[in-house]
Amino acid sequence: MKLQQIRLDRGVNWKESRSADSGLVLLVAGLYGKCVYEVAGKRLELEPGAVLLVPEDASYTAYSPPGQLHEKLTATLVWQEEEGLPLLEEVRMLPAAGPAVLLQERMKRVHREWSDGLPYASVRGGALLLDALVVWCRELDARAVSGETIRLAERMKQYIRNHYRDKVTKEELGTAIGRTPNHAAAVFKRATGQTISEFVHGHRIRTAEYMLTESSLSVGEIAEFVGYRDVSYFHRLFKRATGRSPSSYLSEREPPLL
């Protein structure tokens, strides 16, 4: 994604329109006052703090109510389909909360750099706004997870917490929730963003971190306790996950009481 232009609009009694323009996406941030956008048969009021997304190939008409002062930022972005963000494919209004706050802050920063003519402002601007759009996408995905999916995932997570020292398979989890193994694996991934294996290893490593400072067991004994018979394999996984070796935690143990 690349920023083609970002501009600050301020005025009273104005009207503008755009014909369908393939590949160009608009982000409009309401800063002050109120204005109206009519896009794809929808009438949307842009209020302060809100952000409107106008997808490619969408024509629109926008105007301010009579006598209404408005101020807004409009960013024009060159979108490449392979970037794969589904929210860019339809008109969306983001109310003044959550991701809208991040997008507004990013758009103001991008506008400052653009206005100052800083080198690579279009590239950096596109990257900053794309990052904020990804945050928006993730929130939409999280909302899309049904209550039933979350409930089943919680049951599977509890099963893992009770059996993490053993090998946990999708077959076992499927039995635990009364679903097929593949369905259980898909539900778990959708609800948590992790595979079953990733979650198991994460729980084991967190438990090992605690035991390394709070128990008197050796590194090898802790590795075996949390489910790793191969100590060298445990060392590799632990350092990859924490950035530290297991033995480096031992110095943080409380000295034994005499």
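Figure the gain on full extension for residue 236 and residue 69 (residue separation times 0.36 nm, minus the Cα-Cα span) and round it to one decimal in nm.
So the extension gain works out to 54.0 nm.
Can you list the DSSP H helices in the chain whose Cα atoms extend at least 15 Å along the helix axis and whose mean Kyte-Doolittle hydropathy is -0.5 or higher?
Both cut-offs are met by 121-144, 181-192, 196-214, 231-242.
Quick one: what are the phi-derived ³J(HN,Hα) couplings along the stretch 42-55, Karplus 6.51/-1.76/1.60 with θ = phi - 60°, whole Hz, x for glycine and proline?
With the stated coefficients, the stretch 42-55 comes to 10, 9, 10, 9, 8, 9, x, x, 8, 10, 10, 10, 10, x Hz.
At R0 = 35 Å, how high is the FRET efficiency between residue 141 and residue 214 if r is their beta carbon distance? Nearest 0.05 is fine.
Plugging the Cβ-Cβ distance into 1/(1 + (r/R0)^6) gives 0.45.
Which FRET efficiency value, to the nearest 0.05, do you get for residue 9 and residue 42 by plugging their Cβ-Cβ distance into 1/(1 + (r/R0)^6) with R0 = 22 Å?
0.60
What is the ratio of the Cα radius of gyration of the stretch 1-83 to 2.2 N^0.38 Å, where N is its residue count, to two decimals?
Normalised Rg, Cα atoms only: 1.07.
Using the Cα atoms of the stretch 147-252, I'd like the radius of gyration and the largest Cα-Cα distance, Dmax, both in angstrom.
In order Rg, Dmax, the Cα atoms of the stretch 147-252 give 15.1, 46 Å.
Could you compute the FRET efficiency for residue 154 and residue 18, with r as their C-beta to C-beta distance and R0 at 41 Å, rounded to 0.05?
0.35
Collect residues whose amide H, placed 1.01 Å from N in the peptide plane, falls under 5 Å from the amide H of residue 11; neighbours closer than 5 in sequence don't count.
Amide H neighbours of residue 11: 70.
So what is the relative contact order of the chain, in percent, for Cα pairs below 8 Å that sit 6 or more residues apart?
15
Can you give the relative contact order of the stretch 2-144 as a percent, counting alpha carbon pairs under 8 Å and 6+ residues apart?
In percent, rounded to a whole number, it is 30.
Work out from phi, with θ = phi - 60° and the Karplus expression 6.51 cos²θ - 1.76 cosθ + 1.60, the ³J(HN,Hα) of each residue of the stretch 66-71, listed in order in whole Hz, and give x for Gly and Pro.
x, x, 8, 6, 9, 8
Near the amide H of residue 92, under 5 Å away, which other amide H atoms are found, from residues 5 or more places off or on another chain, if H is placed in the peptide plane?
Amide H neighbours of residue 92, under 5 Å, 5+ apart: 53.
Among (1) 6, 22, 20, 16, 17, 12, 5, 1, 0; (2) 6, 25, 31, 20, 12, 4, 0; (3) 7, 30, 34, 19, 9, 2, 0, which one is P(r) over Cα pairs in 10 Å bins from 0, in percent computed from these coordinates?
Answer label, from the structure shown: (1).
If you average 1/r over every pair of different alpha-carbon atoms in the stretch 2-144 and take one over that average, what Kirkwood value in Å do you get?
Here the Kirkwood hydrodynamic radius works out to 15.2 Å.
Given Cα pairs under 8 Å that are at least 6 residues apart, what percent is the relative contact order of the stretch 147-252?
Dividing the mean separation by the residue count of the stretch 147-252 yields 22 percent.
Which of these, 53, 118, 173, has the largest mean-square fluctuation under a Gaussian network model of the chain (Cα springs below 10 Å)?
118
What is the mean projected area of the alpha carbon convex hull for the stretch 109-197, to one decimal in square nanometres?
Average projection, Cα convex hull of the stretch 109-197: 8.0 nm².
Please name which of 118, 149, 85 has its Cα lying farthest along the dipole of the chain towards the positive end, using unit charges on Cβ (Lys, Arg +1; Asp, Glu -1) and the Cα centre as origin.
So the residue furthest toward the plus end is 149.
Every read-out reported here was derived from the displayed coordinates using simple, explicitly stated rules and does not represent laboratory data. None of these values were measured; they are calculated from a predicted model. So basically every Cβ, Gly included, is an ideal-geometry build from the backbone, and we count neighbours across all protein chains shown.
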